[in-house]
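Shown next, in structure tokens, is the structure this report addresses.
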Amino acid sequence: MVIVDNIASKLCAILQTKNSEVRATEWRLLGQEQSGLLLLSWTQTESDSNSTTHIGVYSYEENTLQDIYKFEQPTTVIQASLNSNKSVLGFVTKEYKDTDDHTSYTYQPFILKLDKGNLIDLQLKRTKQIMIQFLYRKQSVLNEKKIDKFLIMIHEECVLQYQLQWDVFEMKGCETLVRVFLWAQWDSVHQTLYYIHYKTVARGLVEDEDDPKPNYEKKTSPTLSGLQFHEDLPHETVLNIPLNLPHLNSISSTCNLYEDDTVPLRIHNCSLDLMVLTDSEGFICVCHNYLYQPVQTTTNLEENDCTPVHFAYSVTVLHQSCVIHCVIPGIPWNQAKTIRPTFMLYEDHHILVYIPGICTQLLDVGILHEPTCHITIPSEPLDVEPQQIIFVPALKMGKATVLNITSLEVIDLTVTIPQLLQTFKNNTTLENKLSIMHYLLVHRNDMEAAIELFTSQIDTLIFGGLPQLIKEFLIGSSYSTVRRNLPSDASQLINLLPITTQPTGCDIEIKINDNVISLSQDALWNASMMLLSPQQRLVPYRADIWTKLWDHLIKSAKLKQKFKPAQVVEKLLVSLVCYQPEALSRSSTPLSPGSALGSSSTISDLSSMSQCSRKSQIDALPFYEIESCTASKQEHVISVNLRELSMHLLKQSTENKISRFQWQSQTPMHVHAVATRYVAAQLEQSRFLCHILSKAIGFDPKYDQEKGFVYIDHLPNEKKYVFFAILERYYSAVESIAFPLPQGFTSFFTFLGYRTLRFNTFLQYVQRNVFELQVDVMKIIMMDTDDTKAGIQRKLKLLSLLPRSRLKRLLSQWSHPVSLMIRAREHALNILSGVEGQNPRLHGLQKNRNYQLGLAAFPSEDRLSPLDTFLDLLTAKANLTEIDFGLLIEATITSTDEFI
């Protein structure tokens, strides 16, 4: 919260330049027109003269003040409005019967012709609040009508529409638009009057009952209606929403007091505090705040009572068909009754809720995804009393700025990156951290700030939340990358891509200082039934806020299903069971007929789609990005992702349930463009995040010249444990959302686990397919393990977990009798089962010398040996050229030695 301007000081300076002896006090905001002009009143005192009340028009953009009317004596003006050509002023005065008693007063509206000073008393003196508002019309020389319309809104009585012929300054008629209402708000931008009234609930007939009972008691419920005004057409009711207003007659015992809110113009007493936020893109949100006690007491609360109450608000998000609830329990009554929260639209996708002295919240209610990822940050300490903070959103004063009515200060409520980082570093909940990560990546596109979240908190995150944050980073950054690089004609498909890992509608509790803030969400059923459809409008299908809102509701009702990483995970659970890197089948999809999906050219093409600016960062990985197998697991994961995403996009884009022309431009080529870009973004972000985590641990390519296994061997033991803990969580998160791992990571991670864990634990990781025993890792492990009895047993346990082709390759390089015996048994088994090839690789003994078959080895009394008999059996099964006699004989001789 930063004070960026003070309108009161500017206004005083303007008056001082005209007359240095003028002293202006008691500045009051009377309203704001559609053009952004502010109507204000002030008490002016000159030297040797009485005080007078003035009404002026102030332009904030031009910093000009025009004094348009002067009262000869001090008058309490609470609200005013100008017509379109600024020739007629309407204002309302508030007269107190007793200057010491502020609970007894009357309201009275007037109409004034500014050029001649003609004043008309509308003869509507009431103890209930009265407000006046001119309707706007376009200025045109062709428009011969000189009729202005204005509304008179009397609380709990009626809304009247007057017609004024301003050239002769005569009333031409009066019409009652609304009878009794509890609350009303004027939307100056869209010319809409929102009001709450009681509507009779339709009673359904019970089965076998033809007519309702005559003595049936009719029930009523509060309903929010929207009255849309047009310049050239009659007004029309476009909205009727049944509202749930809990604790309408709650602990406030002074329900007849009025706050006289003029920006935005609202008519209500203190029993119902509600505001409607609108945006021209079809965003409409109804914000309602209230106080209540969980257990009602029989006694009324006194002014300085410290009894704890619940502060709560609800936001009905019409364009998303949901209601967001927030409850903050345990606030003392004498403090809670002075809190007036601020609701305002923030940026393109959020509602900012500022609760003085407690917190600031960003509610993600945009149309990119379902409402979720809400952020709560602590509020700054207050240097003024809470009752002095009445912030209202004003027009044309800048983004994220509000006006403090009590002091006319312009306040900037922008949520800064340092605030988000500090909240993330504090002991906040995981959901809040995930929301901050999502906001930085998707809505702010601030990658540097997202990186800082990891690097600054890496030691703390190891013990909780790191895998979830990694998944949120990968999903959010991949979506953001695709959205920046996607062709404009394929933009419809972006809504089918995953955007966050957080579920919709889950309850969240966040502790800020001493307050526990609870957020929950409910669905709003059949929201489109509460709205006038485009074909029912006075001018069918005329584009305005209501037709856009209707489009949002129809799309949300028939929402296309987003792609879920779980779809790929399920496919990989099946396909990876049969996964053999040395013999991985290569396939292609219908979208890429020209090349194999897992081919090296396709992988290189996907890699080349990564951002060139990150090339040096990607090269800074602590391992070499190469694979020792012919077809890596990375290629397999990429191929499954590309295939599943392509089929999902193609299916969702052809199943047209919204309209005939909604997906007409989305061809299979658009599907292919989106799918390939998304898979490329997956690979890019996975590599980039691995680089971030490695750098956070301490890997610096400027000083660490070694990579791969050598780098691991040079790490201290403590650093190895930290490195392994972080990479383990990285691996777990990446696997759970089916993202591809960088090439070379598998071997590096396996060797790091070998150097960090005990062998039994390492073996469990291998058995559960966390570690992959690639050839390069196994070579190092085989060389590193001594040929003792325990070492041989370790080697044999690891070798038994390898695929047969990889096992044969490693056994041929292990010069040990056990290796010789295993290869001989495998060779004999293959011959007996008929799977041995035609030209086997001969053993050295068979190549270099002639020998007699089994006669020279293990002779018996009959000059025969068991080996001779076995070799005869093999000869009967296969040709002599297929049998490696040297391998078999040497293994037989070796088996008689003590080699362990």
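Quick note: the coordinates plus some simple rules give every number you see, no bench work behind them. Being a predicted model, the structure only gives us computed values, none of them experimental. Counting neighbours? That spans all protein chains shown, and the Cβs are built from the backbone with ideal geometry, glycine included.
The table that follows gives values for the structure above.
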{"quantity": "At 1.567 mPa s and 4 °C, Stokes diffusion of the stretch 463-532 via Kirkwood alpha-carbon radius, µm² per second", "calculated": "82 µm²/s"}
{"quantity": "Equivalent ellipsoid semi-axes, the stretch 1-113, via Cα gyration tensor eigenvalues times 5, rooted, Å", "calculated": "22, 19, 15"}
{"quantity": "Charge context of D48, other residues only, Cβ under 13 angstrom, K/R +1, D/E -1", "calculated": "-1"}
{"quantity": "Projected area averaged over orientations for the stretch 728-813, convex hull of C-alpha atoms, nm²", "calculated": "5.8 nm²"}
{"quantity": "Taking all pairs of distinct alpha-carbon atoms in the stretch 313-448, Kirkwood radius in angstrom", "calculated": "16.0 Å"}
{"quantity": "Calculated diffusion of the stretch 419-503, Stokes-Einstein form, Kirkwood radius summed over Cα pairs, 25 °C and 0.890 mPa s, µm²/s", "calculated": "183 µm²/s"}
{"quantity": "Ranking of H636, H714 by count of other Cβ atoms within 10 Å, fewest first", "calculated": "H714, H636"}
{"quantity": "Burial ranking of peptide ranges 512-522, 117-127 (average Cβ count within 10 Å, highest at the top)", "calculated": "512-522, 117-127"}
{"quantity": "Hydrodynamic radius of the stretch 23-82 per Kirkwood, over alpha carbon pairs, in Å", "calculated": "11.8 Å"}
{"quantity": "Residue order, fewest to most surrounding Cβ atoms within 10 angstrom, among I626, I697", "calculated": "I626, I697"}
{"quantity": "Over the stretch 461-585 - Rg/Rh using Cα atoms and the Kirkwood inverse-distance radius", "calculated": "1.10"}
{"quantity": "Alpha-carbon gyration tensor eigenvalues x 5, square-rooted, for the stretch 355-422, Å", "calculated": "23, 16, 11"}
{"quantity": "Difference of contour (0.36 nm per residue) and Cα-Cα distance, T103 to Q388", "calculated": "100.6 nm"}
{"quantity": "Residues R266, R806, R484, sorted so that the one with the fewest Cβ neighbours within 10 Å comes first", "calculated": "R484, R806, R266"}
{"quantity": "Kirkwood Rh in Å, taken over the stretch 48-117 so that all alpha-carbon pairs contribute", "calculated": "13.8 Å"}
